[in-house]
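Student: Below is the structure I would like to discuss, written out as structure tokens.
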Amino acid sequence: MADAVRAPAPRPRPAALRRLSDHGVHVAVAVLLVGNLLFTANFATLANLRLQLVQVVPIAIVALGMALVVATRGIDLSVGSVMALSAAVLPLYLGYGPGPAVVVALAVGGLVGLVNGVAVAVFGVQPIIATLALLVAGRALALVLADGRLVEIFDPTLGWIGNGSAAGVPVTLLVTGALGVVVAVLVRRAAFGRRVVAIGGNRTAATMAGLPVRRTLLAVYVLSGLLAAVAGVVNTARLGASDPSFVGLLIELSAITAVVIGGTPLAGGRVRVLGTLMGALLMQLITATIIQNDLPDSVARMVQAVIIVVAVFIQRERGGS
Amino acid sequence: MAEHAAAPPPGGDSPDSPDRPANGTPTIEVTDVSKHFGGIAALDRVSLTLLAGEVHALVGENGAGKSTLIKIITGVHPPDGGSLRHRGAEVSFGGPRDAQAAGISTIYQELNLVPQMSVARNLFLGREPRGRLGLIDTAGMHRAARQVLGRYGVAVDVRRPLGELGLGVQQMVAMARAVATTGRGASVVVMDEPTSSLEPREVDRLAEVIDVLRADGVAVLYVSHRLDEVFRLAQRVTVLRDGRRVHTGPVAATDRLGLVAMMLGRRVDEVRAHGRTRFGEAHTGRAGEPVLRASGLTRRHALSGVDLEVHAGEVVGLAGLLGSGRSETARAVFGVDPLDSGSISVAGATARRWSPAAAIAAGIGLVSEDRKAEGIIADLSVRDNIVLAALPRLTRAGFVSDRRCDEVVEVFVRRLRIKIADPDQPVRDLSGGNQQKVLLARMLCLHPRVLLLDEPTRGIDVGAKAEIQALVDELAATGLGVVLISSELEEVVEGASRVLVLRDGRVVDVLTGDGIGEHQIMSAIAGASDEPGPAGDG
């Protein structure tokens, strides 16, 4: 290695591929949107568009946290189980009022994130292993807490969060938008964001530049846990029921997909916040397009799979080396 | 094969022609082999002949082409040009497996064994003796393992997990596996820095094993930067530099100084006691307390008791061969590699918990020799790369001040003449020299008291090199303490006002004033003596 290549000529990536990887998701969303508005019956109604957006919310929120984790070259498989945990905890503390219950639910998510972060940053466990452990254990614990049952929730505040609107816009959408802005500001303006991409880009170099690598990784996993807990609360509020068996099931895969097709490479070192949200929307639109054109749901999954492969293929150029 | 091996080596002891001694048959003949990576020649028409029963040392500094040559011989890389002959027949290996099947074994620094498995299992991994029903014949395997290891004088319980044994024993097992248990037996063994993690006693053991190999007619290619071992173990030596072969000849006809000179690209008769240069005299005033005082730096297999003092305005050179402790010293001072013992104090304050972050906070900067792996963050912009380490100082309430970042970037881009189209362009698009300047800027914008520069001009173009060398003087003139590490003697001689020469993790000589010269440095590296043969240390 040291002997072989001294100054490898930087091989510039074709500009077209770079642009496709950066903006492809926006183009795809636009194409699907226009196509559906023109050709799919009953698509161009306010109620339907609203429904599409509301259905994206849990994936979008989880994907925001996932994007940060992926940018550090990590991955968080525990997000679905965190959603289940926060959903399971929520009814247990509703007796103290919705505020404290939500706080406890979020704290549980942050705690799971902290455990992930300690495993990854302090003990050097591979992210996929550390978070896999909590993927399994988290949902099991959620089922124990909830006694394995679905619990209906009748709380006006939570009901408003889940199904209410403010100025005609669903509250869940407002929550998603606000979180998106927070994460975007964190990434673009705060020192934290620079550290995240620096660590993902070259961890050794980041350490040798004196960056607090451990602290940053801890914070990233805690954030991912917190955001997953928010998604759990929102989802529970919308359903009006805490369902730890099914809430957030397999959402880690959708979130990772949204992150990757949104232009954040699995190799880390870059993060696209708007792209991530658009990635989540794209997956939703694909499902909607196929279902509303009377094709089976399994087709939607296959199309999504193809899109993942294409997105990873486009990013392949810049990974590693 | 012989049961016992005390027989004298069959050949190669006193060859009369450097390329083909009369009494050895060539096992491997590499002829005019070239290899390019991305337009850069890693090897340029290099030839090498390995004879049966000889130990052939391969030496050279970083970037000389040793690894590439090994990889071609062991089938990892196909050569771009030239030919490779094994036992007289031209071969072209499709991969390492082909080379192994042909009897070419490699023992790398990092052992590729399974530490959890027993010694015997490791020896026979994938080639276990089978008993009835196709099950592994454990008893038979243990017997065979004891027999094989016994030949090399290794007496261990072969049932113990390999990982519980010392590194030396593990190395022996790896070697025994490579040599003795391959189907046809190895004809060539390549050893890449085999002693880098061994204790002296274990090195002696290795030497005995190598004798056994030679007696069996195996050709050994021995890659090492430890001259002692080259002179002790090898019969012939080949020197590579910058991808070319500069010398092949019997070890007995070479002296240490000559070898060092060839590795560093100098001719002994050309090198005279160099006069002092401009800045050396200007900054020899070392009054007062040193800004950096490191004493007794010790780290297993890397450093033993290195002392280093740097005063404000002084350029201290660290000279030595690869692995001598020159980079290791800088890394220890900067907190990259943990120390077993030793203390570091900056401006009188002694540090307790030491890390790069703590070193930076104390006023130390390091520009690493490995620009790609430890320096630049290729995907980030020039701007983000420059301000990376200074982020805490450019941040208010967690938010980065773009204005202040731009100011810093602008100042250093201008001052270091970094050629960029736009501060937002990715640093990966810059040339090596400009990337190096970005890394210098990253450290300089912290306003350090001491700057450690590890090979600051390696692999960059001549113009940028001269600029960086001039910058080092300039920085020292402003009162910065600089530690300059370079494998280019000229750079150290001209740049430094004091030179510490390292060998085997120790400071073996300190040169000051008129005493600084290429000849003096090479003599110190070679072992304080111009005479050929072993120079008693060790």
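The values are calculated or read from the model by the stated rules, or taken from the named source; none is laboratory data. Bear in mind that the values here come from a model prediction, so they are computed numbers and not experimental data. Every residue, glycine as well, gets a Cβ built from its backbone with ideal geometry; the counts of neighbours run over all protein chains shown.
Student: Output the residues belonging to the stretch B:283-327 that are β-branched (Val, Ile, Thr) and either without any contact (Cβ under 8 Å) to a residue 60 or more places away in the chain or surrounded by fewer than 21 Cβ atoms within 10 Å (Cβ to Cβ) (or both).
Tutor: Once the filter is applied, which keeps residues that are β-branched (Val, Ile, Thr) and either without any contact (Cβ under 8 Å) to a residue 60 or more places away in the chain or surrounded by fewer than 21 Cβ atoms within 10 Å (Cβ to Cβ) (or both), the stretch B:283-327 yields B:Thr284, B:Thr298.
Student: Let me ask something else about it. Within the stretch B:214-235, which residues are under 22 Å from B:His86 (Cα atoms) and either in contact with a Lys or Arg (Cβ under 6 Å, 6 or more places away or on another chain) or without any contact (Cβ under 8 Å) to a residue 40 or more places away in the chain (or both)?
Tutor: Of everything in the stretch B:214-235, just one residue is under 22 Å from B:His86 (Cα atoms) and either in contact with a Lys or Arg (Cβ under 6 Å, 6 or more places away or on another chain) or without any contact (Cβ under 8 Å) to a residue 40 or more places away in the chain (or both), namely B:Val223.
Student: Right, next: Before we move on, is B:Ala144 without any contact (Cβ under 8 Å) to a residue 60 or more places away in the chain, in the same structural domain as B:Glu208 (by TED's automatic domain parsing) and assigned to a helix (DSSP H, G or I)?
Tutor: The answer is yes for B:Ala144.
Student: Then there is this: Given A:Gly110, A:Gly65, which one is among the small types (Gly, Ala, Ser), touching a residue at least 40 places away in the same chain (Cβ under 8 Å) and closer than 13 Å to A:Ala231 by Cβ?
Tutor: A:Gly65
Student: Pull out all pairs, ordered by first then second residue, where Cβ-Cβ is under 7 Å, the residues are six or more apart or on different chains, the first lies in the stretch B:236-249 and is under 7 Å from B:Met262 (Cβ atoms), and the second is among the polar types (S, T, N, Q).
Tutor: Taking only residues 6 or more apart or on different chains, the pairs are B:His247/B:Thr238.
Student: Being within 19 Å of the chain's Cα centre (by Cα), more than 10 Å from chain A (Cβ to nearest Cβ) and at pLDDT below 95: is that true of B:Gly325 here?
Tutor: Yes.
Student: Assess whether B:Leu297 counts as being assigned to a strand (DSSP E or B) and touching a helix residue (DSSP H, G or I) at 6+ places or on another chain (Cβ under 6 Å).
Tutor: yes
Student: Moving on to the next point. For the structure I just gave you, tell me whether B:Ala357 is within 27 Å of A:Val271 (Cα to Cα) and part of a loop (DSSP other than H, G, I, E, B).
Tutor: Spelling it out, it is not the case that B:Ala357 is within 27 Å of A:Val271 (Cα to Cα) and part of a loop (DSSP other than H, G, I, E, B).
Student: Oh, and also: Please verify whether the stretch B:37-56 includes one or more residues that are buried (at least 16 other Cβ atoms within 10 Å of the Cβ), of a type in the set (Ser, Thr, Tyr) and touching an Asp or Glu at 6+ places or on another chain (Cβ under 8 Å).
Tutor: Within the stretch B:37-56, one or more residues are buried (at least 16 other Cβ atoms within 10 Å of the Cβ), of a type in the set (Ser, Thr, Tyr) and touching an Asp or Glu at 6+ places or on another chain (Cβ under 8 Å).
Student: Is it true that some residue in the stretch A:177-195 is within 27 Å of A:Gly240 (Cβ to Cβ) and not hydrophobic (A, V, I, L, M, F, W, C)?
Tutor: Yes, the conditions are met somewhere in the stretch A:177-195.
Student: Given the structure, is B:Asp137 surrounded by fewer than 17 Cβ atoms within 10 Å (Cβ to Cβ) and without any contact (Cβ under 8 Å) to a residue 12 or more places away in the chain?
Tutor: yes
Student: Within the stretch A:250-258, can one find any residue that is buried (at least 24 other Cβ atoms within 10 Å of the Cβ), out of contact with any Phe, Trp or Tyr (no Cβ under 6 Å at 6 or more places or on another chain) and of a type in the set (Asp, Glu)?
Tutor: Yes, there is a match, as at least one residue in the stretch A:250-258 is buried (at least 24 other Cβ atoms within 10 Å of the Cβ), out of contact with any Phe, Trp or Tyr (no Cβ under 6 Å at 6 or more places or on another chain) and of a type in the set (Asp, Glu).
Residue by residue, here is whether (1) under 18 Å from B:Leu484 (Cβ atoms); (2) at the interface with chain A (Cβ under 7 Å from one of its Cβ atoms); (3) of a type outside the set (S, T, N, Q); (4) without any contact (Cβ under 8 Å) to a residue 24 or more places away in the chain holds:
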{"position": "B:Ser345", "(1), (2), (3), (4)": "no, no, no, no"}
{"position": "B:Thr350", "(1), (2), (3), (4)": "no, no, no, yes"}
{"position": "B:Ser355", "(1), (2), (3), (4)": "no, no, no, yes"}
{"position": "B:Ile360", "(1), (2), (3), (4)": "no, yes, yes, no"}
{"position": "B:Ser368", "(1), (2), (3), (4)": "yes, yes, no, no"}
{"position": "B:Ala373", "(1), (2), (3), (4)": "no, yes, yes, yes"}
{"position": "B:Ile376", "(1), (2), (3), (4)": "no, yes, yes, no"}
{"position": "B:Val382", "(1), (2), (3), (4)": "no, no, yes, no"}
{"position": "B:Ile386", "(1), (2), (3), (4)": "no, no, yes, no"}
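Student: Within the stretch B:234-241, is there a residue that is in the same structural domain as B:Tyr108 (by TED's automatic domain parsing), at pLDDT 85 or above, basic (Lys, Arg) and under 18 Å from the mean Cα position of the chain (by Cα)?
Tutor: Yes, the stretch B:234-241 contains a residue that is in the same structural domain as B:Tyr108 (by TED's automatic domain parsing), at pLDDT 85 or above, basic (Lys, Arg) and under 18 Å from the mean Cα position of the chain (by Cα).
Student: Name the residue that is modelled with the lowest pLDDT, counting only residues in the stretch B:409-435 that are more than 10 Å from every other protein chain (Cβ to nearest Cβ), buried (at least 19 other Cβ atoms within 10 Å of the Cβ) and under 24 Å from B:Ala361 (Cα atoms).
Tutor: Filtering the stretch B:409-435 for residues that are more than 10 Å from every other protein chain (Cβ to nearest Cβ), buried (at least 19 other Cβ atoms within 10 Å of the Cβ) and under 24 Å from B:Ala361 (Cα atoms), the one modelled with the lowest pLDDT comes out as B:Leu416.
Student: What about B:Val30, is it under 29 Å from B:Ser324 (Cβ atoms), within 14 Å of another protein chain (Cβ to nearest Cβ) and modelled with pLDDT of 70 or more?
Tutor: no
Student: Of all residues in the stretch B:237-250, which are closer than 24 Å to B:Gln520 by Cβ and either of a type in the set (Gly, Ala, Ser) or crowded, with 20+ Cβ neighbours inside 10 Å (or both)?
Tutor: B:Val237, B:Val239
Student: Just for the stretch B:328-357: of the residues that are more than 27 Å from the chain's Cα centre (by Cα) and hydrophobic (A, V, I, L, M, F, W, C), which one is surrounded by the fewest Cβ atoms within 10 Å (Cβ to Cβ)?
Tutor: B:Ala349
Student: Look through B:Arg159, B:Arg85, B:Arg97, B:Arg146 and report the one residue that is modelled with pLDDT of 80 or more and closer than 25 Å to B:Val59 by Cα.
Tutor: Step by step, each of B:Arg159, B:Arg85, B:Arg97, B:Arg146 is checked, and only B:Arg85 is modelled with pLDDT of 80 or more and closer than 25 Å to B:Val59 by Cα.
Student: Condition check: of a type outside the set (S, T, N, Q), surrounded by fewer than 19 Cβ atoms within 10 Å (Cβ to Cβ) and under 22 Å from A:Leu227 (Cα atoms). Does A:Leu53 satisfy that?
Tutor: The answer is yes for A:Leu53.
Student: Residues of the stretch B:443-467 being part of a helix (DSSP H, G or I), in contact (Cβ under 8 Å) with a residue 24 or more places away in the chain and either away from chain A (no Cβ under 14 Å) or out of contact with any strand residue (DSSP E or B) (no Cβ under 8 Å at 6 or more places or on another chain) (or both), which ones?
Tutor: Result: B:Gly463, B:Ala464, B:Lys465, B:Glu467.
Student: Sticking with this one: Please find, within the stretch B:360-408, the residue that is surrounded by the most Cβ atoms within 10 Å (Cβ to Cβ) out of those that are of a type in the set (Gly, Ala, Ser) and either part of a loop (DSSP other than H, G, I, E, B) or touching a Lys or Arg at 6+ places or on another chain (Cβ under 6 Å) (or both).
Tutor: So, considering only residues that are of a type in the set (Gly, Ala, Ser) and either part of a loop (DSSP other than H, G, I, E, B) or touching a Lys or Arg at 6+ places or on another chain (Cβ under 6 Å) (or both), the one surrounded by the most Cβ atoms within 10 Å (Cβ to Cβ) is B:Ala389.
Student: Something else about it: For the stretch B:44-66, give me each residue that is touching a strand residue (DSSP E or B) at 6+ places or on another chain (Cβ under 8 Å) and within 14 Å of another protein chain (Cβ to nearest Cβ).
Tutor: Result: B:Asp44, B:Val46, B:Leu58, B:Val59, B:Gly60, B:Glu61, B:Ala64, B:Gly65, B:Lys66.
Student: From the list A:Arg194, A:Arg188, which residue is closer than 30 Å to B:Trp354 by Cβ and within 14 Å of chain B (Cβ to nearest Cβ)?
Tutor: A:Arg194
Student: If you don't mind, another one. Please verify whether B:Gly280 is outside any loop (DSSP other than H, G, I, E, B), modelled with pLDDT under 85 and among the small types (Gly, Ala, Ser), treating the condition exactly as stated.
Tutor: It is true that B:Gly280 is outside any loop (DSSP other than H, G, I, E, B), modelled with pLDDT under 85 and among the small types (Gly, Ala, Ser).
Student: Can you list the helices (runs of 4 or more DSSP H) found entirely within the stretch A:202-277 that contain at least 1 residues being away from every other protein chain (no Cβ under 14 Å)?
Tutor: A:213-239, A:251-261
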